[in-house]
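This report refers to the structure that appears directly beneath it.
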There are 4 protein chains.
Amino acid sequence: MYCFDSDYLEGADERVMQALAATNSEQTAGYGEDPHCERARRIIRDLTKCPDAVVHFVTGGTQANLTVIAATLRPWEGVLCADTAHINVHETGAIEATGHKVLALPQVEGKITAVQVLESIVAQREDRAHEHCVKPGMVYVSHPTEMGTLYSKDELCAISAVCRQNGLCLYLDGARLGYGLAADPLVDLPLLADLCDAFTIGGTKAGLLFGEAIVLPSQKLQAEFRYAIKQRGGMLAKGRLLGVQFAAMLAGGYLVERCARANALAQQIKKAFVDKGFPLLSDTAANQVFPILPDDVIQKLQRKYSFSHWQAMGGGRSVVRFCASVTTEEAGVAALLRDISFL
Amino acid sequence: MYCFDSDYLEGADERVMQALAATNSEQTAGYGEDPHCERARRIIRDLTKCPDAVVHFVTGGTQANLTVIAATLRPWEGVLCADTAHINVHETGAIEATGHKVLALPQVEGKITAVQVLESIVAQREDRAHEHCVKPGMVYVSHPTEMGTLYSKDELCAISAVCRQNGLCLYLDGARLGYGLAADPLVDLPLLADLCDAFTIGGTKAGLLFGEAIVLPSQKLQAEFRYAIKQRGGMLAKGRLLGVQFAAMLAGGYLVERCARANALAQQIKKAFVDKGFPLLSDTAANQVFPILPDDVIQKLQRKYSFSHWQAMGGGRSVVRFCASVTTEEAGVAALLRDISFL
Amino acid sequence: MYCFDSDYLEGADERVMQALAATNSEQTAGYGEDPHCERARRIIRDLTKCPDAVVHFVTGGTQANLTVIAATLRPWEGVLCADTAHINVHETGAIEATGHKVLALPQVEGKITAVQVLESIVAQREDRAHEHCVKPGMVYVSHPTEMGTLYSKDELCAISAVCRQNGLCLYLDGARLGYGLAADPLVDLPLLADLCDAFTIGGTKAGLLFGEAIVLPSQKLQAEFRYAIKQRGGMLAKGRLLGVQFAAMLAGGYLVERCARANALAQQIKKAFVDKGFPLLSDTAANQVFPILPDDVIQKLQRKYSFSHWQAMGGGRSVVRFCASVTTEEAGVAALLRDISFL
Amino acid sequence: MYCFDSDYLEGADERVMQALAATNSEQTAGYGEDPHCERARRIIRDLTKCPDAVVHFVTGGTQANLTVIAATLRPWEGVLCADTAHINVHETGAIEATGHKVLALPQVEGKITAVQVLESIVAQREDRAHEHCVKPGMVYVSHPTEMGTLYSKDELCAISAVCRQNGLCLYLDGARLGYGLAADPLVDLPLLADLCDAFTIGGTKAGLLFGEAIVLPSQKLQAEFRYAIKQRGGMLAKGRLLGVQFAAMLAGGYLVERCARANALAQQIKKAFVDKGFPLLSDTAANQVFPILPDDVIQKLQRKYSFSHWQAMGGGRSVVRFCASVTTEEAGVAALLRDISFL
């Protein structure tokens, strides 16, 4: 059985495992104040061309999201996002548990627009009862999105401009950022450092055992952020594990290289379905593909492969999701491609 | 330079690293619903002789504490603990951030008593304005404590009895539990499963890269606990990493065996100081020792060793802490013993 | 200038003011433990035919909502409601500030249905990632709604049945309940006590200076509720003020009588607009009316009257709101009616 | 039976009731945006000689405390106060429910000192693990204190200076401020506006039916404060009630005049006990007195009077509390004085 359900099915990339083994018996300071974390931070500052960025490492994505958002907003502020956003639907109310409303907007292919953001800001500001309404204080976007799609450079620039002009922070959830960087080189790390007040570089789904890097290019979020991490339970005692892993994965362009390979595998799967005449939910360019398949085809494939049921479409068809990742083995993809071709 | 500052200076025990490497390319379900976590749960249920216990794994100790406490208490309930308790002094207000007051009690050698607990309960209950006071809903004890000391079986039984008779939950923070189990076999896992509504088995400080097991022997905390873990950011995507590590460390009595070794190393260090006439803050039996040393001795030792400054004592003396752990190398201890003997 | 903007423009009903004056120099216990509150509780238990109901009094509606909801839900539970619900749009995120997600549903004329509630429950329960989603724990309905409409007895019975069968609590926000009781006698207090786990009887908008009664027919919410009130800041020191006012307003059917008068005034205003050919946003039966008026008519009326702008409709027209209340003077209504007739 | 248990036993001062009755049928805007609130704000700005102060009115003291504190602190900051502080012991964990730790300090006669504050700040700042500790972000003092005592001008100046030098806010809970102003004219409103970032002028215990004024002399707390009030449930719909009452009570020095009368009554009671040889818990100068009485004397007095049991002292004696207030009738005091003299 080969599995394509998600991008966190295997352990870590070989290089990451080697780095962990090689450093295992070293003695270092805890809580992220060690030379490995320092090295990983330096690499990220170089890659983002943002020498003043503050970089922290936490254990997981929900942890990163709730820590950044709770550390940023005043109590009566909320966070604008797509109604499909991870923070809105798949974090068990983690943001609300820190006291803040998630202000969900209708989306197209998982994305929201600068115009929607502006309209929300203006509507609240001009409401006669505006003090009775939650004030938008931040915009959250995922890149790639939960639907596998990508924001273009122009789209992100427009959202960022609206945020800046209206005093909102922009936070980009990069749980799958490596795949995005590999798929569209125009949206690169220096651009994100320019546009965002905070963004993450996901490790869990891109070759690490676990871990997300939180990048804070903006001075206004930097102060006392380690307090926030500790308070929310995201500060790892053996913090160097995150530094070791990120340094191994980020050095020398390795992350993007490995993500590009995964994207290519996913695109082969997508093409195989399209070649057989199956439509797509949306034409994704990174490591997730969403074919719409008849239920009998799904059942046939399920005998040898596992993948995610995404949503029923009526008429005996469903959207399913296939993911490739940094750690996906090519043998499985080859077998799948062959079986699709014989459908 | 050999370091004895804490018990999270190195990576993982050899056996744990091997298990991670051996399972690295496996594909499993995420979020703790994999065979490795199942196996680790089975081992823990066997060791605790509590077949109905529910077991979860989270990334760290603060994460475990805040998740258990927030999932247990009603909004107006607080948690009784020693004023030296980790949740009171070293978690950046993580418990309060979930809405609950930490009700700190004066302690002796890091421990509170059943009588103190009962007095607190009665005082609140009999206060004419009791509804204006936080209601004690849980007792938190650490074993070993933050001062390196151990609760006796009788002490824990007495606290548990008071809790049961008054409807409070008892939660034992076992961040260093392995060392406690090795130091006093009377306080074993079946006893804890009998006495506590929840307790943790610490992995981070006892041979794992990271991770704590939350054991819930009591049905009243079991329902929907995975929601709590996800909401607080403690649910690891590649959850099997925690199962793999705990299974490797717990199988065949390995954890206690390795912790016994660490305790023995720590006790050698303790004895070396005592033999030279230095007093102790308290006569600890597990892996932390707290000699009281003159400042010139401290400075001399600091040239070759690092260790924690615990508290100034006046008169040119300070309490310092030396820790040994599962991953401490014996060469460093041997060197230290020799240097102490020449002081 | 006569004002019809809202139902909290004046002070209290004459009878309420007299009761406050008559009891002003009495000495009583504080915090709601006085004979006046006891008397008001007795009246409410009689009116609801629910001798076991627990009744509390708090200062305002947002206070009541956040206290009831936070006292009821587990941390990972949310509250289902109409997207127009007061808790979703006009309480500055007060519910989220207690840690809970508001699960907003599309509405028709401010109302949600039993089917929508059931679908939401089933969708979450059957989601493969259900522990990653907020669990619906309560349904919130307003009666009358924020759009001035009323739930029918059948609608409420159906929602209550779905809640009971699925273990959710039903909470009815009765900020304007008096007007609802007067408009539809089928939805009476005994019915609400039967169907709801909690509901409020609004005082602020119905003749009191301030104050809401929280009625808890259901034993599961009753325990320790006074702790919740105190913790959230809703416990009035001179608590008897609320008992005095509610007793004065509720005794002898006075509340419904006065609300019926207000409804009648509002209905005269509605009829006057309809008679002139102006459409309504919805055909409300209680104390709020929502005519759709051309902007020039609005401007003309604004010279002598104030009223609320509700929403722009395009084509030079807007929805506006006129309210009548227990304390509305008939002279103002008479003048308005005359002026409408000359439009 | 005459009652001296507390200062919230009766309704409102005569002048306040008249003002409420006189304005009862007026129509005004809601939520504190009416001419009466504006007038009360103007009076307070004049009295504090602080034309830039922002003034808000909320319903009660716990409401005021939790709103000010939650609006001020970052998530990982806590509030330093006496361990007897109302927020620490008698608000059911209201501050923790907003996410913040109450950092309780030992007190003498209910008061803390500038030195204690400084030591706490320095200890946290210099802790090697300072990011694992709650950061002091605010100092809370009550004046008069919960023990009936008063801070001197010098004491408050010293605390304020430490706060300013270290970036903490100073918040003074003035639930009984009128009595304090009457007892020590050196600690006047302009001084408080100079020293504090926020303070309250209590209405509930000083002649109003209910209500506290929050005074924000400091610009850093002023922005968006109305959002905080609404979110926490403290914004009164018929907000003018608070303006009407405060204007009536504050105009022309009436509050201090009436509080001076109450202080004089309390001091007569104190003197009567002292003259009979009974000791005091502390020699309070305002409206609360704390004699230490033998239990048989307490029982004898309880036949005709009620008063608060404060704490048992051993040896068959207890501390009790007698309060006088703006609305205390002199006949009761006269009777009590006579009965004390015959003890």
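The values are calculated or read from the model by the stated rules, or taken from the named source; none is laboratory data. Bear in mind the structure is a predicted one, so any value in this text is a computation, not a measurement. All Cβ positions, glycine included, derive from the backbone under ideal geometry; neighbour counts span all protein chains shown. The area values use the complete protein model at the heavy-atom level, side chains included, leaving out ligands, DNA and RNA. Shrake-Rupley method; radii C 1.70, N 1.55, O 1.52, S 1.80 Å.
Miscellaneous remarks
- Those residues of the stretch D:1-49 which are more than 9 Å from chain C (Cβ to nearest Cβ) and aliphatic (A, V, I, L, M), in sequence order: D:V16, D:A19, D:A22, D:A40, D:I43, D:I44, D:L47
- Only residues that are in a strand (DSSP E or B) and either β-branched (V, I, T) or open to solvent by 30 Å² or more (accessible area, probe 1.4 Å) (or both) were counted across the stretch D:188-205, and they come to 2.
- Any chance C:L80 is in contact with a strand residue (DSSP E or B) (Cβ under 9 Å, 6 or more places away or on another chain) and open to solvent by 10 Å² or more (accessible area, probe 1.4 Å): no
- Among the residues making up the stretch C:66-77, those that are open to solvent by 20 Å² or more (accessible area, probe 1.4 Å) and more than 8 Å from every other protein chain (Cβ to nearest Cβ) are C:T72, C:E77.
- Answer from D:L181, D:L208, D:L216, D:L170 - the residue that is touching an Asp or Glu at 6+ places or on another chain (Cβ under 9 Å), open to solvent by less than 30 Å² (accessible area, probe 1.4 Å) and within 18 Å of D:Q107 (Cβ to Cβ): D:L170
- Candidates are the residues of the stretch D:252-273 that are open to solvent by less than 30 Å² (accessible area, probe 1.4 Å) and among the small types (G, A, S); the one that is farthest from D:C37 (Cα to Cα) is D:A272.
- Residue, nearest to the other protein chains (Cβ to nearest Cβ), within the stretch B:301-343, restricted to residues that are touching a Ser or Thr at 6+ places or on another chain (Cβ under 9 Å), in a strand (DSSP E or B) and among the polar types (S, T, N, Q): B:S308
- Residue ID - surrounded by the most Cβ atoms within 10 Å (Cβ to Cβ), chosen from residues in the stretch B:47-59 that are within 19 Å of B:L195 (Cβ to Cβ) and within 21 Å of the chain's Cα centre (by Cα): B:V55
- Those residues of the stretch A:211-260 which are on the phi > 0 side of the Ramachandran plot and within 14 Å of chain B (Cβ to nearest Cβ), in sequence order: A:G211, A:E224, A:G233
- Remark: D:D34 falls outside the filter, which requires a residue to be under 21 Å from the mean Cα position of the chain (by Cα) and of a type in the set (D, E, K, R).
- Boolean, B:Q63 is surrounded by fewer than 23 Cβ atoms within 10 Å (Cβ to Cβ), modelled with pLDDT of 95 or more, out of contact with any Pro (no Cβ under 9 Å at 6 or more places or on another chain) and of a type in the set (S, T, N, Q): no
- Subset of the stretch B:71-92 (residues that are more than 16 Å from the chain's Cα centre (by Cα) and in contact (Cβ under 8 Å) with a residue 40 or more places away in the chain): B:A71, B:T72, B:L73, B:R74, B:W76, B:E77, B:G78, B:V79, B:L80
- Residue in the stretch C:222-231 that is assigned to a helix (DSSP H, G or I), at pLDDT 95 or above, of a type in the set (G, A, S) and open to solvent by 10 Å² or more (accessible area, probe 1.4 Å) present: no
- Search result, residues across the stretch A:294-343 that are within 23 Å of the chain's Cα centre (by Cα), at pLDDT 95 or above and aromatic (F, W, Y): A:F307, A:F322
- Residues of the stretch C:33-66 satisfying the condition of being hydroxyl-bearing (S, T, Y) and outside any helix (DSSP H, G or I): C:T48, C:T59
- The residues on offer are B:G233, B:G277, B:G239, B:G243, and the sole one that is without any contact (Cβ under 8 Å) to a residue 40 or more places away in the chain and not basic (K, R) is B:G277.
- Tabulated pairs, the stretch C:35-46, first surrounded by fewer than 17 Cβ atoms within 10 Å (Cβ to Cβ), second not in a helix (DSSP H, G or I), C-beta under 8 angstrom, 6+ apart or interchain: C:P35/C:T28
- Taken together, the residues in the stretch C:7-32 that are in a loop (DSSP other than H, G, I, E, B) and either open to solvent by less than 20 Å² (accessible area, probe 1.4 Å) or β-branched (V, I, T) (or both) amount to 11.
- Filtered residues of the stretch C:274-293 (kept if open to solvent by less than 70 Å² (accessible area, probe 1.4 Å) and more than 29 Å from the chain's Cα centre (by Cα)): C:G277
- Condition met for B:D154 (more than 29 Å from B:N263 (Cβ to Cβ), in the same structural domain as B:L73 (by TED's automatic domain parsing) and open to solvent by 20 Å² or more (accessible area, probe 1.4 Å)): no
- Subset of the stretch A:83-131 that is touching a helix residue (DSSP H, G or I) at 6+ places or on another chain (Cβ under 9 Å) and of a type in the set (K, R) - its residue that is least open to solvent (accessible area, probe 1.4 Å): A:K101
- Yes/no for C:T284 being touching a residue at least 24 places away in the same chain (Cβ under 8 Å), among the β-branched types (V, I, T) and more than 30 Å from C:L20 (Cβ to Cβ): yes
- Condition broken by B:G60, with the remaining ones in (1) of a type in the set (G, A, S); (2) within 14 Å of chain A (Cβ to nearest Cβ); (3) under 30 Å from C:E224 (Cβ atoms) satisfied: (3)
- Filter result (without any contact (Cβ under 8 Å) to a residue 60 or more places away in the chain and open to solvent by less than 20 Å² (accessible area, probe 1.4 Å)) within the stretch A:307-343: A:S318, A:V319, A:V320
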